[in-house]
Amino acid sequence: MEIHNENIQDSINVIKVEEKPIKSYYKSSIDKDFILGKYSYKEDTTFTKVKPIHSSKLIYINKEAYKSFQKMYNQAQKDGIRLIIVSGTRNFNEQKFIWERKWEKYKSLAPLKRAKKILEFSSMPTTSRHHWGTDIDLINLTNSYFERGKGKKEYEWLLKNANDFGFYQVYTNKINGRTGYNLEKWHWSYLPLASKYLDYYNENITYEDINGFKGSELAEEVKIITEYVNGISNKTKEFE
């Protein structure tokens, strides 16, 4: 269901429909299990199911992030752009499945090269921003899609407008020295919440907490916290 905030005009009056402020669904009692993805978001009251009109499959994200996304979706639609969420929240087990599937795929590589190959685009479980319900992948999971035609227009719209709704591209190019994951034009983070969760991660999580999956012993060697968890754009780091 779409909600458009429009001016309704008759022959006498113009009635303005005012947007209600977004209620905060920030988890006041953050703990390690949440930050590391070791919980069930389907049972967490701060999460909600994304409506089929906004997604390509069954997806859950944080309620506040979703409310803001819907406002962004409506504005984009008015501008001739359709934003579809193709991936949202993933807990530890879901991220572990992705990681270990790729761990098997690249088994011919030496362990360190194997981990770094996967880390081009996929996070180790316990280190993914997708654990938090604040990060979404939009429209298409290839950078080339956004380089021409319809995809280019969609990406340019996001660059111009997404920040107004709290969403920022965290994995930009590495021209300015950003470390970690490769460029991801599809990955957008709702920073009003994600920035707080990253602060908690940096203050409370150590390499001892990164375990329970194949290759986890390499986390410190690849500098997963400093180079990847914190390998985000300068604009994202400067968000307040």
If we keep just the residues of the stretch 198-210 that are touching a residue at least 24 places away in the same chain (Cβ under 8 Å) and part of a helix (DSSP H, G or I), which is most open to solvent (accessible area, probe 1.4 Å)?
N202
Inspect the stretch 7-17 for any residue being at pLDDT below 95 and either charged (D, E, K, R) or under 17 Å from the mean Cα position of the chain (by Cα) (or both) and give the result as yes or no.
yes
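Being surrounded by 15 or more Cβ atoms within 10 Å (Cβ to Cβ) and farther than 20 Å from I98 by Cβ narrows it down to one residue among F239, F213; which is it? Please lay out each step first, then the result.
On the way: F213 fails: farther than 20 Å from I98 by Cβ.
From the options F239, F213, the qualifying one is F239.
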Give the residue, chosen from S195, S189, that is within 19 Å of H130 (Cβ to Cβ), surrounded by fewer than 21 Cβ atoms within 10 Å (Cβ to Cβ) and small (G, A, S).
S195
When only residues in the stretch 162-186 that are under 18 Å from E64 (Cα atoms) and over 10 Å from the mean Cα position of the chain (by Cα) count, which is surrounded by the fewest Cβ atoms within 10 Å (Cβ to Cβ)?
D164
Just to check your reading of the model, which residue among S122, S40, S68, S128 is over 20 Å from Y201 (Cα atoms), among the polar types (S, T, N, Q) and at pLDDT 95 or above?
S68
Residue ID - most open to solvent (accessible area, probe 1.4 Å), chosen from residues in the stretch 47-61 that are touching a residue at least 60 places away in the same chain (Cβ under 8 Å) and touching a helix residue (DSSP H, G or I) at 6+ places or on another chain (Cβ under 6 Å):
Y60
Give just the number: which of (1) modelled with pLDDT of 95 or more; (2) part of a loop (DSSP other than H, G, I, E, B); (3) not acidic (D, E) does N176 not satisfy?
(1)
Take the residues of the stretch 85-121 that are assigned to a loop (DSSP other than H, G, I, E, B) and open to solvent by less than 30 Å² (accessible area, probe 1.4 Å): which is farthest from H187 (Cα to Cα)?
N91
Those residues of the stretch 129-148 which are farther than 21 Å from M72 by Cα, open to solvent by 40 Å² or more (accessible area, probe 1.4 Å) and not hydroxyl-bearing (S, T, Y) amount to E147, R148
Taking the stretch 148-173 and keeping only residues that are farther than 18 Å from S233 by Cβ, out of contact with any helix residue (DSSP H, G or I) (no Cβ under 8 Å at 6 or more places or on another chain) and not in a loop (DSSP other than H, G, I, E, B), one is left with G149, K150, K153
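The values are calculated or read from the model by the stated rules, or taken from the named source; none is laboratory data. Just so it is clear, the structure is predicted and the values come from calculations on it, not from any experiment. Backbone-built Cβ (ideal geometry, glycine too); neighbour counts: all protein chains shown. Each accessible area value is taken on the protein alone, full model and side chains, heavy atoms only, with ligands, DNA and RNA left out. Shrake-Rupley method; radii C 1.70, N 1.55, O 1.52, S 1.80 Å.
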